[in-house]
Amino acid sequence: MELRLHVVKPKAWKASDKRACLVTFFGGGWTSGTPAKSINYAKWAAKYGLVGVAPDYRTRKRFDAKPEDCVADGRAAVRWIQDHASELGVDPSKIVVQGSSAGGHVAAWTAIQDPVTPETASDPVPNPAPMGLILLWPVTDTGTNGYGGPKRFGNDEARANNLSVTGRMPAKMPPTQVFHGTGDKTVKFENSQAFTDKMKANGNLCELVVFLDAPHSPQSSKEGEKGKIVKAKIEEESLKFFEKMGLVSQEQASAGAKTTEKEDGE
């Protein structure tokens, strides 16, 4: 089955470029959603000189897919970008993967190279692993104390635990930013805290940006001014993350900020 990746190219892009890339996955509980929900972050990244990519992946409503299929598609999408880096003007070693909610789960799994199951050992995985991860109120625990638990996996507890990021991730993971609201009733804030604690215990760089009392998807337009503040904070901290990794220069950051200010004023 062919799935589309929606690519946003920055100004002055050339195929011969070796630019950093932000790959951004939509959420929707592995059940719904399309790249229309994630393309705005790809467009945002392009303002700062990155190539932005919003891939599609199979979901239950559109493709009768299982969570394992979502993970497989996410990993295959990043690997496809790496394999076609010379056409996309991308440096395959400078890819940051972002995702929200279940899309955060898909994003995190792009940094795990072990097969999801023995039967999927031949499935394509990113090589190298992403340079960094940006996870927005992500599903990191799929076990009994996590999002959905076994009921999301046909009441199969082993299947549920097998897809848990916190349980399956290797000791070495990419530098990671996690954003989560303490008032989230959909995906527990405690799951992100536990993920962050384990990441740090393993010696990885991981920052948890906390939004006090904020609900799931706190940047939503439904949240009004509070949503705008959250969105601005995500963009500000993500930009700092890019700068720390040398993916964005101060000149690019300044130019991108001016573009954003102009659009906000229009």
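No lab work stands behind these numbers, since they all come straight from the coordinates. None of the values given here were measured: they were computed from a predicted structure. A quick note on method: Cβ atoms are made from the backbone with ideal geometry, for glycine too, and the neighbour counts reach across all protein chains shown.
Antiparallel as a % of all DSSP beta bridges within the stretch 5-265, to the nearest 5? About 15 percent, rounded to the nearest 5. The stretch 16-51 and the stretch 199-224 have Cα centres separated by 18 Å. When the label point is put 7 Å from the Cα of Asp213 along its Cα-to-beta-carbon vector, which residues of the stretch 178-192 have a backbone N closer than 18 Å? Backbone N within reach: 180-186, 189.
Report the full-extension gain for the segment Thr34 to Asp64: residue separation times 0.36 nm, less the Cα-Cα distance, to one decimal in nm.
Contour length minus Cα-Cα distance gives 9.4 nm.
Averaging the sequence gap over all C-alpha pairs within less than 8 Å and six or more residues apart, then dividing by the number of residues, gives the chain a relative contact order of 15 percent. Highest average first, the peptides 7-19, 136-148, 60-72, 106-118 ordered by how many other beta carbon atoms sit within 10 Å of their residues are 136-148, 106-118, 60-72, 7-19. Separation of the stretch 149-174 and the stretch 69-90 by C-alpha centroid, Å? Their Cα centres are 23 Å away from one another. With both labels modelled 7 Å from their Cα along Cα-to-Cβ, the Ile229 to Asn202 distance reads 3.4 nm. Please list, or write none, the aspartates and glutamates whose alpha carbon is within less than 16 Å of the alpha carbon of Lys244, excluding same-chain residues fewer than 8 places away. In chain and number order, the partners are Glu207, Glu235, Glu236. Taking each residue as 0.36 nm, the span from Glu236 to Ser249 lengthens on full extension beyond its C-alpha to C-alpha distance by 3.3 nm. With the charge dipole of the stretch 5-265 set up from +1 on Lys and Arg Cβ and -1 on Asp and Glu Cβ about the Cα centre, the Cα lying farthest toward the positive end among the listed residues Gln250, Pro115, Ser164 is that of Gln250.
With contributions of -39500 (n - 2.57) from each DSSP H run of at least four residues, the per-residue ellipticity at 222 nm computed over the chain stands at -11000 deg cm²/dmol.
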